[in-house]
Structure formats: C-alpha cells, structure tokens
Amino acid sequence: FNVPNYGSSYRIELFDADSNYCVGTTLLATQTLLQVQRDSLIERSAMPLIMPYSTNRTESYQKCFKMELRTGIKRGFESTYSLPKIESKSNPSKGKKLVQAGSISGWIKFEAHIEQRMSDLYGQNATVCPARTPNKLDLELVQLHISRLISCFGAIQDAFKWYSWLISWDNPLITLLSLLIFVGLCKKFNMEYIGCLPIMVAIAAMISNLIGRKSGRLKHRFIKRQRETCIKEVLEVSVDRSVHRPIGAFNVCIKKGRSLRSQELGITSSVGCNVFWDPLRYCIDADEEKKLISEDKLLGARHDVGHTEFLFSVNPEWKDMKKSNALLRMQRLSPNLEASLSGRLEKLFGKKQIHAKKSLVFPILQPIQRIKQSDEQNSACLLPWSRVLGALVVQVKFGDVLNKLPGFEDTIGEVVIPLSELVLRNEIKGWFQVTKVNSTRLVKCDEDKDSGSPCVYLHLRWVPPDLDIGYSEGLREESLVLEEDMIRAASSHALAQRDIIGNSLEALNTVRGIGGTLQSIQNTLGDIVDMLEIARNIFNFADPRFSFLILSALCMFVFVLAIIRTRTFVMLIGLAQYFTALLTKFQNVLSSGKVRIASDEVRKAEQNTAQHNSPISTWITNAIRSIPTDEDLRKSYFWEGRRIGEEACSEIRKKKRIALLTKLWKASWFSVVSLRVERQSGVKDGWSWQDGYFAVVFGRQLLIWTSEIEFDEGEIPCNQISLSGHAGLAGLSPVELRVLSEDEILRVVNIFGRGESSQLKLMLLLPDKILKDELESVITETMIKDH
C-alpha cells in the first residue's frame, strides 16, 4: 500500500478471538522502517552511494521484525510516545495481574519493508511529497515541542561549553595544541581566502559525526536518553537515606454530629465524613509552598486517612471508621506498622480508652529542612514537630444523589485541626464547628447548647516517636518505605492535576471555539522545531545518503573557494544576479516591444511551467521532508531504549525489595515463582504454568502476588496460605508425575493450608532446585514451631 507521507505510523494490534480483548499493541512508523535501512546501510559500508537517484527505487531491505506487544498503548500515543505513569490496577481477588502501561504482554514476528519511488521524488517530472498531517490540539504535544526547542538551544550551549573548555587549560595538552594551531593559522592563512574556513569547519564536523555514526553514537544517544528517563521515573520516589525521619502518628475518632443539614434545601440528607492529612494547610505563601515541596516531595499532596459510613440523619452517630486505600497500602508495605502504632497508643493512653474499630491511626514523618552546603550537595536536618504546617482535616459531605446534581454542593464544610496544636496539647476532644472548605479556623462549640450551626464531635490523640527503643535498622527501613509511598502518592496527585488542566483546555476549545488558533500555534511551533532538528541532522548523518551528498558538495565548494579569492567569489555571485535580471528584462522587451502586465492566471501558468521545467525546488523539498527529526529518531529507538531502561530499573527495584524484605519484613524466604493455573482448554490436562508470580514466607503465612511490581506497590496478595494447623507440604499425584517433565519434578512444590475462606492447595514451580529445598526447609521449620 502507498504511504501518504514520511510522518505516517501504523498500529499492529493482537486480539483474543474468543473475548475480543486486545492482548497487546506495537507501533510501526515510516521513519522507523527507513531508519532500519539507514542503520543497515551505514553498518555495511563506510561510503554509501552518494547519488541514490540513478535507479527507480532504493533497495527494499526486507527485514524480519520481532517486536514486543505492549499493554496500555492508547489512541493518540503515536503523536507523543508518552506512557502514562499512573498504572491501571485490576481486582486482585480475581487473580488478574496489575497492568502497567507499556509492559510487555508478548511478542509478534512479521516481515516489513518500505520502498521509495525515486523517479517520482527526484526525477525530471518529480512531484512534491505531501507534508505531514497536522496534529490535533494536545497539551502533552505542546510540552513536547517546548522541550525539543529547549534541547536545540541546549546543543548550542554545549558548543559554547566545549569552546570554553578548549581554552580553559583544564587539559593543558589539548589547549596548547589548539593555541599553536590558532597562532599558525593567523600567521600563515591568507585572509583573501577566508570564505573556505567555515566550510572547512563544517566538513571537519561532518567527518567527526560520520565516525560517530559509524560507531553507533547517534543511536546510543537516543537509547541512553530513554534509559535515563526510565531511571528518573524510578528515582523520583527515591528518598534521602542519609537522615532518619522518626515516625509519629495521630489517632482520630469521629463519634457524632449535629445540625448537619443541606444548606440549600435545609432538609435531612445522608451524611458522612472523610478524613485526610493536608501537610501544607497553613502555608499561605505560594513561593514558600513550592520551596517546601522541592525540599520534601511528600508535601506535594494531601493523604487520605479514612472515612465514616453515611447515615440519613441530622444528628448522626457513627459507630466505626473505614481505612483509606492509602493507609491500607502503608500497612501492607510495613506489616508491623499498625501493631507498633497501636501499642504505643495504648501505652500512652491506656488500652481501655482505645477502640480499634471506632478510630484510625495514621503515621506522619518528622519534617526536615534542606541546608545547602555546596552547589551540588544539600544536607537535611530534622525540624521540631511544633513547626509542622500541616493539619488534620475532617470533611463533612452528603452522600445522596440530590446533592451531587449541578447547582448543589455535596460538601457541608471542614473541621481543621492544626497538628502543631495537637502536638502541644497531646489530646483534643469536643464539639467543633464545621467551617467553609479550605478554611484554617478551628472553632470550638458549646457541648451542652445547640446553636444550630453544623458541628462534629472529634477525639484526637498524638502519638510521638518512641525514643526509648532507639533507631534500629528495621525502623529506619520502615521510615524509608513510608516516605517513598507518600512521595509516590504526591507524584500521582501532581500527574492527575496536569490531566485536569489538559481536560480544562479541551473544554475551553469546545466552549469558546479557540481550538483552531491554539492548534495553529502548536503546529507552527512544531514546524519550527522540526526545521531546526532537520538542519542539524543533515550534518549528523541521520540519513547517510543525503549527508554524503551534502559532504561532497561542501568539498567541491571549499576547493572552489581555495582557488578563487573570497572577495572575487562574492563579486561574481552579485554580478551574476544583476546580469541575469538584466538579460531577462532585455528578452521581454525584444519579444513584445513593450512591457506587459500579465494577469494572475497567466502568471500562475508561467510559474507552473517554470517549476515543471526546473524541478530542483521539488527535489530539495522532498529531500528535506525525508530527513528524520530528533523526534523521529527518538520514536525509532524508543522501545529499545525503554527495554534497556526497564532492565536498569528492575535492578534498582530489586535492591529496594531485598532491603524491605530482609530489614523490615524479616521474611524467611522469597522468590519469583510460576503458579499452576487451571484452564478450560489447553496443555497439560487443562492447566498450565503462569510465570511472574512473587512468593514470600512471612511469619506463619505464605503470601503470593501476581508480580514483583504488585508487591512493590503494596497491593493485596492474590493468594495466601496459613502455615498453621492443617497445613504443610504435599507430594505429587500419579497424574502430575505423568504430566510433568523430569526437570519440573525437581523444582515443583505442593503446599496446602488454610486460605482466606477455605482450604487451599497450590503448586509452585521454582527457578531452581536450591530454592525449592530452601522453601521446603522453611515450611517444615515453621510447622515444627507451630506444634
């Protein structure tokens, strides 16, 4: 089929025929196929053919591709190649894996090649190749164009930095050599031939780029950039391990409310409360807020604590509170967190005063301040708890359908309790008035008299860090885990805010009708950046054939300038223009005897005839449009760089995971395993192995997650077996012995025990026999201790 332009791209999607579910997607761009040909050409020969236009078409380079099928590749991805950072989570109870955008779901093998009709592009009757299709208005695309423009200016800055380094004497030998060359040129060089000097510099730069292109420097640059992007995404949630942040906590209990009516209708509604921690509620200055967030990333978003049930009453009395997903995730990442904080709470206030179901305990890390020591290093110091600018916020909301309609408010207001006051008083309880949203006032109400204002009865307690037990390795790791989780939540919140801005921009297009203007600005900016990158890639040998043509032309040009003085050459160019215009004028006078003013139609016909007779401008246009931009090159090497980056990221995650399991969890055993999964139809008598599961023996439990990433994210295990009571190891049945191979028999473990709701038996396939023996030994020792 015909390709409409050089910017075209195609989606290859693989669907499950039974469920019509998209298994995975891969993208194939026109410039990617051309870049494969160019890379093959530069690898096969150091001097490609300078004129590829002598034949009708170029070599086809038929190539067999084996490409990854990726998940989460939504429509519109082709324009930015920007993967969403927010991961889509499935229901763990159904045994489905956490689906991460861009993860590999399989492989597809196909043959593809592209041919260019050189007679149509560069022949005597050449036609202009169509320009790239304008993109729709997209906030991410605008940001991408801006970052590309900054990158172009960054290349100029790098050139100036290189020149500054050359004359800085940081490397005395290089600087001395450049000095001798400079002095020699000044003494010996004839300034009459100054015109050949910049051309010689351009030739030297192109030869240097040719050597780098031959060694793979161009490809390595884009792969390295993508690898660094992947690592940066992981390091965004990394924490400073040089300082230990003690863990404090607050205990909140919402008992009852009064006069909680709808402000618009004044009638009874279904009422409930949401509780969240706002770390910067009392920071008024916007610049100071940005500074604090840059020093401590977890301050960038509020953190949900929990909520009460919704009751249909003006004066509700809530019996219990539900934990938020964020709090549950923290407790899963640090399994001893809840018991530790509850123990400290009971130690301070007494066991009888604490009701686990009626109150929630939420951890808070002690604030820090960054002190700049040098240009590259900052040291962190702990701040006292009294300097915390955050507040515990209780938001009173309606839960019925009527108050969710447009024009009605679903929030009555908020009760804001500053943490600094709670730290000072250690315990706060009583009736508090519900104030406006985003308020900073704390108004206490009369306990006996009902003034008619909406009020909520709260009981808050402060749990300071336990300094008596010291700072063990486990406590340090627990603090780091909580900090990383809060930073991850803040990063997701910032990304969600950016999506809201994007949606608002789309709404503004629709309502005000300015989409055409904004789209025009976006595409004009993109065209400018494209031209800058194309001009640079002409000299970078991104397209070897065209770059060799330019290099040959520059060599001929510098030879001419070395023979003819620059002054004479400039004079000849100027005289040629004057005499050409004079000759044209003289021919017109002779042919008609007078000057005629042609009509627009005749003039247009003459221009078309001139263009048809001299197709040089068409050749140049087609050649420029065929040269890849930096964005085309980034897309060509995107998945290869992404794969290398994911490998580097997996090593970083692995180190964190091992530290978490050994220092904080103190797990007896953990490993990646394959799990036997029942199938309706398939191999091995209706079941098969499913890879990628992660198993941990923690205390008297065997916990299994569908992936390592799911464990890192603090998700709920898909399977768990209690290794107490009727539990242990089981042998292989005759049917299993017949179906399994000899190698699998050596690595298979059958485990049975009490699951979440009933007895459960799991068959695990371990990576090697050593891990199998270790798992059996750990389970046996656990069962002996239980008896």
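The values are calculated or read from the model by the stated rules, or taken from the named source; none is laboratory data. Computed from a predicted model, the values in this text were never measured in an experiment. Backbone-built Cβ (ideal geometry, glycine too); neighbour counts: all protein chains shown. Protein only, heavy atoms only, side chains kept; ligands, DNA and RNA dropped before computing areas. Shrake-Rupley method; radii C 1.70, N 1.55, O 1.52, S 1.80 Å.
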Inset, instruction - Within the range 45-82, track down each residue that is at pLDDT 75 or above and over 18 Å from the mean Cα position of the chain (by Cα). - result: CYS64, PHE65, LYS66, MET67, GLU68, LEU69
Inset, instruction - Evaluate the range 623-632: report whether one residue or more is open to solvent by 10 Å² or more (accessible area, probe 1.4 Å), closer than 30 Å to PHE546 by Cα and of a type in the set (Val, Ile, Thr). - result: yes
Legend entry - Unique residue being part of a loop (DSSP other than H, G, I, E, B), at pLDDT below 90, open to solvent by less than 50 Å² (accessible area, probe 1.4 Å) and touching a helix residue (DSSP H, G or I) at 6+ places or on another chain (Cβ under 8 Å) when the list is VAL243, VAL237: VAL237
Inset, instruction - Report, ordered by the first and then the second residue, all pairs with beta carbons closer than 6 Å, sequence separation of six or more or different chains, a first member in the range 735-753 that is farther than 12 Å from LEU766 by Cβ, and a second member that is assigned to a loop (DSSP other than H, G, I, E, B) and charged (D, E, K, R). - result: VAL739/LYS684; VAL739/ASP685
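What residue, of TYR457, TYR471, is modelled with pLDDT under 90 and either aromatic (Phe, Trp, Tyr) or within 21 Å of CYS273 (Cβ to Cβ) (or both)?
TYR471
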Inset, instruction - May I ask you to say which residue of ASN209, ASN190, ASN251 is loosely packed, with under 14 Cβ neighbours inside 10 Å and not charged (D, E, K, R)? - result: ASN190
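Within the range 737-754, does at least one residue satisfy the condition of being among the small types (Gly, Ala, Ser) and either in contact with a Lys or Arg (Cβ under 7 Å, 6 or more places away or on another chain) or closer than 19 Å to THR782 by Cβ (or both)?
In the first step, residues of the range 737-754 are kept if they are among the small types (Gly, Ala, Ser); the result is 741, 753.
Now restrict to residues that are either in contact with a Lys or Arg (Cβ under 7 Å, 6 or more places away or on another chain) or closer than 19 Å to THR782 by Cβ (or both): 753.
Among the residues of the range 737-754, at least one is among the small types (Gly, Ala, Ser) and either in contact with a Lys or Arg (Cβ under 7 Å, 6 or more places away or on another chain) or closer than 19 Å to THR782 by Cβ (or both), which makes the answer yes.
If you go through the range 527-559 one residue at a time, how many are assigned to a helix (DSSP H, G or I) and either touching a strand residue (DSSP E or B) at 6+ places or on another chain (Cβ under 6 Å) or not hydrophobic (A, V, I, L, M, F, W, C) (or both)?
Taking the range 527-559 as the starting set, the residues that turn out to be assigned to a helix (DSSP H, G or I) are 527-539, 544-559.
Of the ones still in play, those that are also either touching a strand residue (DSSP E or B) at 6+ places or on another chain (Cβ under 6 Å) or not hydrophobic (A, V, I, L, M, F, W, C) (or both) are 527, 530, 533, 536-537, 544-545, 547, 552.
Looking only at that region, the number is 9.
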Inset, instruction - Just give me the residues in the range 327-341 being of a type in the set (Gly, Ala, Ser) and open to solvent by less than 70 Å² (accessible area, probe 1.4 Å), in sequence order. - result: SER334, SER340
Inset, instruction - Can you confirm whether the range 763-775 contains a residue that is farther than 24 Å from TRP687 by Cα and either of a type in the set (Lys, Arg) or free of Cβ contacts under 8 Å to residues at least 60 places away in the same chain (or both)? - result: yes
Inset, instruction - State which residue is nearest to the chain's Cα centre (by Cα) when the search covers only the range 311-326 and only residues that are open to solvent by less than 90 Å² (accessible area, probe 1.4 Å) and more than 11 Å from CYS253 (Cα to Cα). - result: ALA326
Inset, instruction - Go through the range 263-291 and give me each residue that's among the small types (Gly, Ala, Ser), surrounded by fewer than 20 Cβ atoms within 10 Å (Cβ to Cβ) and in contact with a Leu (Cβ under 8 Å, 6 or more places away or on another chain). - result: SER270
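Has the range 258-268 got at least one residue that is assigned to a strand (DSSP E or B), under 30 Å from SER379 (Cα atoms) and not hydroxyl-bearing (Ser, Thr, Tyr)? Give the derivation first.
Within the range 258-268, the subset assigned to a strand (DSSP E or B) is 258.
Next cut, under 30 Å from SER379 (Cα atoms) only: none.
No: zero hits.
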Inset, instruction - Looking for whichever is out of contact with any Leu (no Cβ under 9 Å at 6 or more places or on another chain), closer than 28 Å to LYS666 by Cα and among the polar types (S, T, N, Q) here; the options are SER294, SER342, SER324, SER334. Which one fits? - result: SER342
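Test of understanding: among LEU185, LEU179, which residue is outside any loop (DSSP other than H, G, I, E, B), out of contact with any Pro (no Cβ under 7 Å at 6 or more places or on another chain), modelled with pLDDT of 85 or more and of a type in the set (A, V, I, L, M)? Don't jump to the end; show me each part of the working.
Numbers: LEU185 fails: modelled with pLDDT of 85 or more.
Only one candidate passes the filter, namely LEU179.
From ILE563, ILE514, grab the single residue that is open to solvent by 40 Å² or more (accessible area, probe 1.4 Å) and at pLDDT 80 or above. Reasoning before the result, please.
Details: ILE514 fails: at pLDDT 80 or above.
Within the list ILE563, ILE514, the selection yields ILE563.
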Inset, instruction - Among the residues of the range 554-579, write down those that are within 55 Å of the chain's Cα centre (by Cα) and closer than 13 Å to LEU197 by Cα. - result: LEU554, CYS555, PHE557, VAL558, PHE559, VAL560, LEU561, ALA562, THR566
Inset, instruction - Inspect all residues belonging to the range 118-129 and state whether any of them is touching a residue at least 24 places away in the same chain (Cβ under 8 Å), within 32 Å of the chain's Cα centre (by Cα), buried (at least 18 other Cβ atoms within 10 Å of the Cβ) and farther than 23 Å from THR32 by Cβ. - result: no
Legend entry - Yes/no for SER636 being without any contact (Cβ under 8 Å) to a residue 24 or more places away in the chain and in contact with a helix residue (DSSP H, G or I) (Cβ under 9 Å, 6 or more places away or on another chain): no
Inset, instruction - State whether the residues of the range 103-111 include one that is more than 30 Å from GLY72 (Cα to Cα) and surrounded by 12 or more Cβ atoms within 10 Å (Cβ to Cβ). - result: no
Inset, instruction - State whether the residues of the range 708-722 include one that is touching a residue at least 24 places away in the same chain (Cβ under 8 Å), open to solvent by 20 Å² or more (accessible area, probe 1.4 Å), of a type in the set (Gly, Ala, Ser) and within 28 Å of ALA659 (Cβ to Cβ). - result: yes
Inset, instruction - Filter the range 339-359 for residues that are touching a Cys at 6+ places or on another chain (Cβ under 8 Å) and modelled with pLDDT of 85 or more and give the result. - result: SER359
Inset, instruction - Within the range 590-621, track down each residue that is modelled with pLDDT of 70 or more and over 20 Å from GLY526 (Cβ atoms). - result: PRO615, ILE616, SER617, THR618, TRP619, ILE620
Inset, instruction - Please identify the pairs in which a residue from the range 183-212 that is over 20 Å from PHE548 (Cβ atoms) and of a type outside the set (Phe, Trp, Tyr) has its Cβ atom under 8 Å from the Cβ atom of a residue that is assigned to a helix (DSSP H, G or I) and open to solvent by 70 Å² or more (accessible area, probe 1.4 Å), counting only partners at least 6 apart or on another chain. - result: GLU192/ARG567; GLY195/VAL570
Legend entry - Selected residue (criterion: modelled with the lowest pLDDT) from residues of the range 361-418 that are open to solvent by 40 Å² or more (accessible area, probe 1.4 Å) and touching a Lys or Arg at 6+ places or on another chain (Cβ under 8 Å): ASN378
Inset, instruction - Taking ILE770 as the residue in question, decide whether it is β-branched (Val, Ile, Thr) and open to solvent by 20 Å² or more (accessible area, probe 1.4 Å). - result: yes
Legend entry - the range 470-481, subset buried (at least 19 other Cβ atoms within 10 Å of the Cβ) and in contact with a helix residue (DSSP H, G or I) (Cβ under 6 Å, 6 or more places away or on another chain), residue farthest from PHE362 (Cα to Cα): GLU477
Legend entry - THR524, sole failed condition from (1) at pLDDT below 85; (2) surrounded by fewer than 16 Cβ atoms within 10 Å (Cβ to Cβ); (3) hydroxyl-bearing (Ser, Thr, Tyr): (1)
